[in-house]
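Colleague: Below: one structure in structure tokens.
The values are calculated or read from the model by the stated rules, or taken from the named source; none is laboratory data. Everything quoted here is computed from the prediction, not taken from an experiment. Here the Cβ is made from the backbone with ideal geometry for all residues, glycine too, and neighbour counts use every protein chain on show.
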Amino acid sequence: MAQYFEVHPENPQPRLLKQAVALLQRGEVVAVPTDSSYALTCRLDDKDAVDHLRRIRQVDDKHHLTLLCRDLSELANYARVDNRQYRLLKAATPGAYTFLLEATKEVPRRVSHPQRKTIGLRVPAHRALEELLALHGQPLLATTLIPPGESEPMNDAQEIRARFEKQIAGVIDAGACPSQPTTVVDLTPMGSGDEPLLVREGRGPLAALGLG
């Protein structure tokens, strides 16, 4: 049965988050709240955990997974970012956006897009998740918690535990999340002087990106 960590949304208890981090470091998958919807997370450098994450969501290697980063400096370790891209990122983070960027060598090939060599990255604005990332000490690989065969993300921690308790090791409950996925923007065209490409309009407002 998945462990259940009920934390305060603004002042999450470090003791409980450390227990969740211990699960992640053992190669487990943990459901976490974000500023858009709940997500499934695991360690970036654990192949078995990444494979398990994909099996739960029933997605293949062409499905973009996302790196949850603490800040822009950490993001820049895993993606190639030029000055134009950085200015846009700075204006929109932290927030409910996922940015597609060219992955650096710090990203294992198995988690980047096989043809494009890109990775989704985001800096979430959610207190409990921010603290979890700080305690973990490195980004987490994530995917929106959308059950197989469905189109809407889950946002109730108790329902997530009941549905996935035999597939995941833990659930962090910091209250309900918005049931809307992130806005996804492909920044790779900017590298050749073109404009960013809106892939999916979601919770993050387009005005902050100059795309409204």
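Colleague: For segment 106-163, give me the residue count where each residue is at pLDDT below 90, more than 20 Å from ILE56 (Cβ to Cβ) and of a type in the set (D, E, K, R).
Modeller: 4
Colleague: Here is a check on your reading of the model: is THR66 modelled with pLDDT under 95, crowded, with 21+ Cβ neighbours inside 10 Å and either more than 26 Å from THR188 (Cα to Cα) or β-branched (Val, Ile, Thr) (or both)? Walk me through it before giving the result.
Modeller: Numbers: modelled with pLDDT under 95: yes; crowded, with 21+ Cβ neighbours inside 10 Å: yes; either more than 26 Å from THR188 (Cα to Cα) or β-branched (Val, Ile, Thr) (or both): yes.
Yes, satisfied.
Colleague: Also, quick follow-up: Which residues, counting only those in segment 71-88, are surrounded by 20 or more Cβ atoms within 10 Å (Cβ to Cβ) and of a type outside the set (Gly, Ala, Ser)?
Modeller: Result: LEU75, TYR78, VAL81, GLN85, LEU88.
Colleague: So which of GLY149, GLY137, GLY175 is more than 24 Å from HIS8 (Cβ to Cβ) and either loosely packed, with under 15 Cβ neighbours inside 10 Å or of a type in the set (Ser, Thr, Tyr) (or both)?
Modeller: Values: GLY137 fails: more than 24 Å from HIS8 (Cβ to Cβ); GLY175 fails: more than 24 Å from HIS8 (Cβ to Cβ).
The unique qualifying residue is GLY149.
Colleague: Is there a residue in segment 54-62 that is surrounded by 15 or more Cβ atoms within 10 Å (Cβ to Cβ) and within 28 Å of PRO205 (Cβ to Cβ)?
Modeller: Yes, some residue in segment 54-62 is surrounded by 15 or more Cβ atoms within 10 Å (Cβ to Cβ) and within 28 Å of PRO205 (Cβ to Cβ).
Colleague: Going by the structure shown, is LEU132 in contact (Cβ under 8 Å) with a residue 12 or more places away in the chain, out of contact with any Lys or Arg (no Cβ under 9 Å at 6 or more places or on another chain) and either surrounded by 18 or more Cβ atoms within 10 Å (Cβ to Cβ) or within 29 Å of GLY27 (Cβ to Cβ) (or both)?
Modeller: Yes.
Colleague: For segment 106-123: of the residues being in a loop (DSSP other than H, G, I, E, B) and out of contact with any strand residue (DSSP E or B) (no Cβ under 6 Å at 6 or more places or on another chain), which is surrounded by the most Cβ atoms within 10 Å (Cβ to Cβ)?
Modeller: Residue satisfying both the conditions and the ranking: VAL123.
Colleague: Looking at (1) within 30 Å of ARG84 (Cα to Cα); (2) surrounded by fewer than 16 Cβ atoms within 10 Å (Cβ to Cβ); (3) in contact with a helix residue (DSSP H, G or I) (Cβ under 6 Å, 6 or more places away or on another chain), can you tell me which one GLN167 breaks?
Modeller: (1)
Colleague: Another question, then. May I ask you to list the residues in segment 5-15 that are touching a residue at least 12 places away in the same chain (Cβ under 8 Å) and either buried (at least 19 other Cβ atoms within 10 Å of the Cβ) or basic (Lys, Arg) (or both)?
Modeller: PHE5, VAL7, PRO12
Colleague: Further question on the same structure: I'd like the residue in segment 29-53 that is farther than 22 Å from PRO178 by Cα and in contact with a helix residue (DSSP H, G or I) (Cβ under 7 Å, 6 or more places away or on another chain) and, out of all such residues, is surrounded by the fewest Cβ atoms within 10 Å (Cβ to Cβ).
Modeller: That would be LYS47.
Colleague: Then there's this: Of everything in segment 36-81, what is without any contact (Cβ under 8 Å) to a residue 12 or more places away in the chain and part of a loop (DSSP other than H, G, I, E, B)? Give them in sequence order.
Modeller: Hit for segment 36-81 is ASP60, nothing else.
Colleague: Which numbered condition trips up THR188, out of (1) closer than 21 Å to ALA76 by Cβ; (2) out of contact with any Ser or Thr (no Cβ under 7 Å at 6 or more places or on another chain); (3) surrounded by 15 or more Cβ atoms within 10 Å (Cβ to Cβ)?
Modeller: For THR188, the failing item is (2).
Colleague: When only residues in segment 149-199 that are among the polar types (S, T, N, Q) and assigned to a loop (DSSP other than H, G, I, E, B) count, which is nearest to VAL30 (Cα to Cα)?
Modeller: My answer is GLN167.
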